[in-house]
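These notes concern the structure reproduced below.
The values are calculated or read from the model by the stated rules, or taken from the named source; none is laboratory data. Note that the structure is a prediction, hence the values are computed from the model and not measured. Cβ atoms come from the backbone with ideal geometry, glycine included; neighbour counts cover every protein chain shown. Accessible surface areas use protein heavy atoms only, side chains included; no ligands, DNA or RNA. Shrake-Rupley method; radii C 1.70, N 1.55, O 1.52, S 1.80 Å.
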Amino acid sequence: MTSERHPGKAKQAFLAILARRGIKDKRVLEAMEAVPREAFVGARQTRYAYDDSPLPIEEGQTISQPYIVALMTEAMQLEPDNTVLEIGSGSGYAAAVLSRIVKQVYTIERHPMLAKLARERLADLGYDNVRVLCGDGTLGWPEHAPFDAIVVTAGGPRVPESLVRQLVIGGRLVIPTGPAIHQQKLLRITRVSEDETESEDLGGVRFVPLIGEEGWRDTEGRMT
Ligand code: SAM
């Protein structure tokens, strides 16, 4: 992987922040260390790449705050042989982090331009265990289901039933959900049996809206 480099001072400070904020999973910290976040943002944002904050990307979307990427990745309780589905590829950064931890990553993005950029960027950087699809991620990717874990990086009004149905028994869905369009609770939903789930509240978060058939129907938060 030619693009991965020895962490400079900014990256070391960034890793220290993640650890200080409570990220304990060594594999998550190692993956965050390995993936060059600066390669997933535009030239104007490069100098902020190791700030612990979200940054703007194309189509009015964001690359998530690194702490939140680490928190959601840790919350999925991943094992090396797992297959993971991500909804909301955005820049492709979180998919790259996941690809360092598990065997296979599938990721879906609704904006064609973002999906194309993420696909090209991930291929250029050599992340060859990630597949990017352009489409409505609230419906999942049935062709590759079931998944050991699913992460949704945009906030919807409710937990999409299609995603729960695409988890293995024992699988984990990490998703921001809530009735307000820009404010959600981060939930971990575990599929404990064919028809039962358990839900844990991991705290308050703010994500861009999840737009789709089992999400918000438009950017104003209408569910028509
Ligand atoms: N994980 C991304 C990264 O590492 O850069 C950040 C994702 S950004 C916070 C959320 C993304 O979800 C946006 O790119 C948005 O277009 C996408 N999105 C919203 N609704 C979607 C849907 N139904 N299916 C797929 N992507 C969706």
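Taken over the stretch 129-152, the residue count meeting the criterion of being under 15 Å from ILE101 (Cβ atoms) and not aliphatic (A, V, I, L, M) is 3.
For the stretch 156-203, the tally of residues that are part of a helix (DSSP H, G or I) and open to solvent by less than 10 Å² (accessible area, probe 1.4 Å) stands at 1.
Contact annotation: residue pairs with Cβ atoms under 9 Å, 6 or more positions apart or on different chains, pairing a residue in the stretch 103-129 that is on the phi > 0 side of the Ramachandran plot with a partner that is open to solvent by less than 50 Å² (accessible area, probe 1.4 Å) and away from the ligand (no atom under 12 Å from the Cβ), are GLY126/SER3. Look at (1) among the small types (Gly, Ala, Ser); (2) away from the ligand (no atom under 15 Å from the Cβ); (3) farther than 25 Å from GLU58 by Cβ and you find that SER162 fails only one, number (2).
For the stretch 8-101, the helices (runs of 4 or more DSSP H) that sit wholly inside it and include 2 or more residues that are crowded, with 17+ Cβ neighbours inside 10 Å and modelled with pLDDT of 95 or more are 26-34, 66-75, 93-99. Step by step: first the residues of the stretch 102-121, then only those that are in a loop (DSSP other than H, G, I, E, B) and away from the ligand (no atom under 13 Å from the Cβ), then the one that is farthest from LYS185 (Cα to Cα). Which residue is that? In this case the residue turns out to be LYS103.
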